[in-house]
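Beneath this line is the structure, given in C-alpha cells, with notes to follow.
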Amino acid sequence: MGELLYPEYRNYSETRTVVNNAMMALLAGSRLAGHTLQLTAGSQRTLGELFPAVEHIRRFNLRSDAARSLLHDADHHLASVALPYALATHEDFVMSNISLLRQEGISIRTGGKRIKAWNMHEVLFRSSSYTIPRVLLDSFHLLREMRNCTIHAGGKVQPDLMTRLAAMSGGAITEWQRLNGQPPSDVIKSGQVTLIAPHIFTAFAVTKGLGREINAALASVIPASSWARIAVQDYQGGTTRTKNSSGWRRGLVGYVRKNYLVANLSEVDLERAAKKLGYWTLATWK
C-alpha cells in the first residue's frame with residue numbers, strides 16, 4: 001500500500017532523514033578518523049600539532065594512540081546521543097498526528113490518561129480503530145526505556161526497562177535479534193544499559209516502520225472530504241498558479257495524484273473542497 005504524503009508526514013520523513021544522515025556521518029566519521037590515525041601510530045605529538053588546521057582539534061588534544069582508542073570506542077556515546085534524538089523526532093510526529101485526528105473530529109481514546117511517550121501510539125491506533133503493530137511497539141518501548149535509563153539514571157538499569165524486556169513478544173524478540181545481532185537481554189551488562197551502533201540503526205528502522213503504520217491508520221479513519229480539504233490547502237500553500245485558472249485546477253489534480261493517491265479522491269471531491277475554501281469561485285470546474 002502506498003503512503004499519503006500530507007504535510008506532517010512529509011516533514012517527518014524529511015527530518016528523520018536529516019537526523020539519520022547526521023548520526024551516520026558521526027558514526028562513520030569516528031571510524032574514518034580512527035582509521036586515519038593509524039598513519040600516526042607511535043607518534044608522541046598531539047593531534048593539535050599533527051593537524052593544526054582542523055577546527056576545534058585542540059579541544060581533543062590527545063596523542064594519536066589515545067585519540068584512536070577513544071574513536072574506536074565511540075559507539076556507546078554516539079548511540080547515547082542518537083537514541084534520544086531519533087525518538088524525540090518521532091514523538092513530535094506522533095503527537096502532531098493525534099492533534100490532526102482531533103482537528104478532524106475523531107474521538108481521542110486516552111483511557112483517562114495524559115498522552116505521553118509511553119502511551120501515545122496506543123492512543124493513536126485505538127482512536128483510529130487500527131490494529132496495533134505489536135512487534136514494532138515492543139521494540140519502540142524497549143528503546144524508550146533504554147533512552148530513559150541513559151538520560152534520567154546515568155545509564156543504570158531501572159525497573160521499567162526490566163518490565164519491558166519481560167513483556168516483549170516472541171516476534172519482537174526475533175526481530176530485535178535480526179536488527180541488532182543480539183537478544184534484547186544483552187542491552188544490560190552489570191546493571192548498566194550498554195548501547196551499541198546497531199541500536200542507532202534499530203531506532204531509525206522502528207520509528208520509520210511506526211511512521212508508516214500511523215500513515216495507514218490516518219488514511220483509514222479520516223474521511224475523503226477531509227483529505228480533499230487537506231490536499232487543497234496543501235497545494236495552495238505551495239503553488240504560484242492563479243486561482244480559478246485551468247492551470248491551477250490541473251496543477252491540483254496532478255499534485256493530488258502524486259501525494260494523495262491513497263485517499264482515492266475524485267475531481268468532484270477536490271472541486272467541493274476548493275469551492276468551500278474559497279480557492280475556486282467559478283461555476284464550472286474546467
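Of note:
- When the stretch 150-184 is filtered for residues that are among the hydroxyl-bearing types (Ser, Thr, Tyr) and either outside any helix (DSSP H, G or I) or in contact with a helix residue (DSSP H, G or I) (Cβ under 6 Å, 6 or more places away or on another chain) (or both), the ones remaining, listed by number, are THR150, SER169.
- Selection within the stretch 137-167 - under 14 Å from THR194 (Cβ atoms), touching a Cys at 6+ places or on another chain (Cβ under 9 Å) and not basic (Lys, Arg): GLY155, VAL157, LEU161
- Looking only at the stretch 228-272, residues that are within 13 Å of LEU5 (Cα to Cα) and charged (D, E, K, R) come to 3 in all.
Yes/no per residue for (1) over 27 Å from the mean Cα position of the chain (by Cα); (2) buried (at least 17 other Cβ atoms within 10 Å of the Cβ); (3) over 27 Å from SER139 (Cα atoms):
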residue: ALA41; (1), (2), (3): yes, no, yes
residue: ARG45; (1), (2), (3): yes, no, yes
residue: GLY48; (1), (2), (3): yes, no, yes
residue: ASP73; (1), (2), (3): no, no, no
residue: ALA79; (1), (2), (3): no, yes, no
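- Filtering the stretch 267-286 to residues that are part of a loop (DSSP other than H, G, I, E, B) and either closer than 21 Å to TYR9 by Cβ or without any contact (Cβ under 8 Å) to a residue 12 or more places away in the chain (or both) leaves GLY278, ALA283, THR284.
- SER139 vs. criteria surrounded by 22 or more Cβ atoms within 10 Å (Cβ to Cβ), out of contact with any strand residue (DSSP E or B) (no Cβ under 7 Å at 6 or more places or on another chain) and in a helix (DSSP H, G or I): yes
- Within the stretch 185-200, the only residue that satisfies the criterion of being polar (S, T, N, Q), touching a helix residue (DSSP H, G or I) at 6+ places or on another chain (Cβ under 8 Å) and in contact (Cβ under 8 Å) with a residue 24 or more places away in the chain is THR194.
- Of everything in the stretch 12-29 that is touching a helix residue (DSSP H, G or I) at 6+ places or on another chain (Cβ under 7 Å) and among the polar types (S, T, N, Q), the residue that is farthest from ASP92 (Cα to Cα) is ASN20.
- Subset of the stretch 230-262 (residues that are of a type outside the set (S, T, N, Q), within 27 Å of the chain's Cα centre (by Cα) and crowded, with 19+ Cβ neighbours inside 10 Å): ILE230, ALA231, VAL232, ASP234, TYR235, TYR255, VAL256, TYR260
- Test: residue in the stretch 198-208 that is of a type outside the set (A, V, I, L, M), out of contact with any Pro (no Cβ under 7 Å at 6 or more places or on another chain), closer than 19 Å to ILE98 by Cα and at pLDDT 95 or above: yes
- Of all residues in the stretch 220-229 being over 22 Å from ALA283 (Cβ atoms) and in contact with a helix residue (DSSP H, G or I) (Cβ under 6 Å, 6 or more places away or on another chain), the one that is surrounded by the most Cβ atoms within 10 Å (Cβ to Cβ): TRP227
- Candidates HIS35, HIS56, filtered to the one that is within 31 Å of the chain's Cα centre (by Cα) and loosely packed, with under 10 Cβ neighbours inside 10 Å: HIS56
- GLU91 vs. criteria among the acidic types (Asp, Glu) and surrounded by fewer than 20 Cβ atoms within 10 Å (Cβ to Cβ): yes
- Condition met for ALA82 (without any contact (Cβ under 8 Å) to a residue 12 or more places away in the chain, assigned by TED's automatic domain parsing to the domain that holds ASN20, under 30 Å from VAL18 (Cβ atoms) and of a type outside the set (Ser, Thr, Tyr)): no
The values are calculated or read from the model by the stated rules, or taken from the named source; none is laboratory data. Predicted model only: the values in this text are computed from it and were never measured. So basically every Cβ, Gly included, is an ideal-geometry build from the backbone, and we count neighbours across all protein chains shown.
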